1. Go through segment 248-279 and report how many residues are aromatic (Phe, Trp, Tyr) and outside any helix (DSSP H, G or I).
2. Can you pull out every residue in segment 390-413 that is open to solvent by 50 Å² or more (accessible area, probe 1.4 Å) and either part of a helix (DSSP H, G or I) or of a type in the set (Ser, Thr, Tyr) (or both)?
3. Which of the residues that make up segment 298-328 are among the polar types (S, T, N, Q) and within 20 Å of the chain's Cα centre (by Cα)?
4. If you scan segment 4-31, which residues turn out to be more than 18 Å from residue 61 (Cβ to Cβ), more than 50 Å from the chain's Cα centre (by Cα) and not aromatic (Phe, Trp, Tyr)?
5. Yes or no: segment 330-351 includes at least one residue that is in contact (Cβ under 8 Å) with a residue 24 or more places away in the chain and over 29 Å from the mean Cα position of the chain (by Cα).
6. In segment 280-296, which residues are acidic (Asp, Glu), open to solvent by less than 40 Å² (accessible area, probe 1.4 Å) and not in a helix (DSSP H, G or I)?
7. Which one of 11, 58, 30 is modelled with pLDDT of 85 or more, out of contact with any strand residue (DSSP E or B) (no Cβ under 7 Å at 6 or more places or on another chain) and either open to solvent by 70 Å² or more (accessible area, probe 1.4 Å) or farther than 23 Å from residue 386 by Cβ (or both)?
8. Any residue at all in segment 143-157 that's exposed (fewer than 11 other Cβ atoms within 10 Å of the Cβ) and part of a helix (DSSP H, G or I)?
Amino acid sequence: MITPAFELTQDLDFLTIMIKIPYARASEFDVYFEGEDFKFYAKPYFLRLTLPGRIVEDGREKASYDTDKGTFTIRLPKEIPGQYFEGLDMLTSLLAPKKSRSAKPLVEEIAASAEFSEEEEEEFDWEIEQTPYKENAESTLPLQYRYGFGNLCSGVFQRLQDELSDVIDIKDPDQTPVGERRRKRLAAEAAKFDPDHYLADFFEDEAILQILKYKPWWVVAHKKMIALKGESHQEHDTRTFVVFSEEEREQLRKFTNKSYLLDKRSRHHIYLGLIDILLAYCYEICVNEGDKNVESSWNVRKLSATLCWLESFTSIHDVLVSFGRRVLCYPLHRHFGLVTRAFNDTVMILQLGKAAVLKCLLDIHQIFRENDPAYILNDLFITDYCIWIQKTKSKKLAALAESLQKTALTKSHIGFELEELEAAAVLVQEEERVLEAAGTVSKQQLPSSELETSDSEESSCTSSSETEGSDSDERESSASEDGKINSLQGTRLEERTAPLIDCNGLRQGTNTSFEVSDEKPNVSLQSTSVPGKLIEELEKQMHTAIRLSEQPEGLATASCILQEREENGVCELDRFSKDTTGKKNFLEVSSKANPLLFLCSTNEDGD
């Protein structure tokens, strides 16, 4: 038998059921309905529904068949006019068989009845202090640790060792207790956190701001719900805000309906795991602006510790802290604003009711179904969540959304010292701005400073030349006082200078080049006795103490005299000079620069 595609709608007085039977004969079909039961048969199709409200046969029912579309539509009157039937889009739960009313029900049905009776209890206190679960060593040694939806699975990854690393981060989950998983997860997150990446997204947030402008479908649906809230005391059909696609409806029909043996602690873990999965899904939809890509499966399972580390949370705050830490450690965009955005989106989805939650879970189911290793997470979590959420009371989700909305999450809760990092980075940024501003000002003042530099260079050259002149004057005056060299006043030299010579016979400050002054200094030499003889002895000293690579123009005559004396056999030079009294004096060469000026004349009688 084939279960046909079907869809249910309602108004104040009627429940409408539309069934697609394209390959059936319109003349051969049977319909049965009474109370909450509805049955339809048209070979090869069979449909049995358990309705959320009672219907009645009073002559107002009507049925029609569209041969072109192959759809059968039947309108059934409600037993209580105006009653709202909740969960008409929860197709899997509608396909569930009616509970057995026999005197000896099955064990599963008894447990299911106990589960539903617990659901009818007073509101669950989501802020209650939870005691971390402690493994009993005696009872668990021969067994394996459990995980998955409601911690109902074990031994799964022993058969899937090759896919283990591609699906979850924990190694050997069957032998790792819950507390050890949490410790390893926190250590892995602390090692993965990159302050540079976080600060880069914190300061360069143009892409983040663009992402935050995106509005997914639940934002629009939530605005519509808020706008219609309060206009009427009657409950609005969630289908007004949440619409399932045909593919999603087909997937709902494929799910096998089943009941779950869950205690109070397990249900608490399931609700908290649902928040964790929805947070990761909201982040994925936001950053990719609703488009799926090859990283979608990785993002959802990596950001959810429930899926990636098989974590079992004990409080809503722990869920938010775990999600915030993982957002700042693993994905491409690591910004605290994305954590806040996912938090607000999850609150909206829970406030929209189980239809919105189911639509998100179906989308996650499709993402994992299209990824080869991630399909394992569908078997462990998502498929059971899709079936379980259809039976969940809306008031439970409303209470969960309210508790989630009241829970606060700040950067200090994350544990990575985010506020300190941001403060330090802001200080560094301000210093860089100050330095950059100073550099800009200096660049603007560069032309005037260059002019000042050139002026200072000219003045330094002038001062240096003056200093040299003053030094030479001082040395000449000292020489005059010692009676070694006397100046001959009234004689001018035109543009003739001698090189500066140090104590080693080399020019100070240069190699073989010579400075030529534009000025014409007045230099005079005085002789105490015989000027000509003194000049000859001085020439001899110059010949032995100085070796010049280049010959200035002003020394042409002096070099001629030296050449003549060499030709005449003067090979050895006296190292002492005699004055008029016959006393020998040592000729000292000053260590300072001393310009030597020679006075040459063609008129020997003038000496």
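1. In the first step, residues of segment 248-279 are kept if they are aromatic (Phe, Trp, Tyr); the result is 255, 260, 271.
From what's left, outside any helix (DSSP H, G or I): 255, 260.
Count: 2.
2. Hits for segment 390-413 are 395, 398, 402, 405, 406, 410, 412, 413.
3. So in segment 298-328, the residues among the polar types (S, T, N, Q) come out as 299, 304, 306, 312, 314-315, 322.
Hits for segment 298-328 are 299, 304, 322.
4. 20, 21, 22, 24, 25, 27, 28
5. Within segment 330-351, one or more residues are in contact (Cβ under 8 Å) with a residue 24 or more places away in the chain and over 29 Å from the mean Cα position of the chain (by Cα).
6. Result: no residue meets the conditions.
7. Values: 58 fails: out of contact with any strand residue (DSSP E or B) (no Cβ under 7 Å at 6 or more places or on another chain); 30 fails: out of contact with any strand residue (DSSP E or B) (no Cβ under 7 Å at 6 or more places or on another chain).
After ruling out the rest, the residue left standing is 11.
8. Checking segment 143-157: not a single residue is exposed (fewer than 11 other Cβ atoms within 10 Å of the Cβ) and part of a helix (DSSP H, G or I).
The values are calculated or read from the model by the stated rules, or taken from the named source; none is laboratory data. Predicted model, so just to flag it, every value in this text is computed and none were measured. Using ideal geometry, Cβ is built from the backbone for each residue, glycine included, and neighbour counts are taken over all protein chains shown. These area figures cover heavy atoms from the full protein model, side chains too; ligands, DNA and RNA do not enter into them. Shrake-Rupley method; radii C 1.70, N 1.55, O 1.52, S 1.80 Å.
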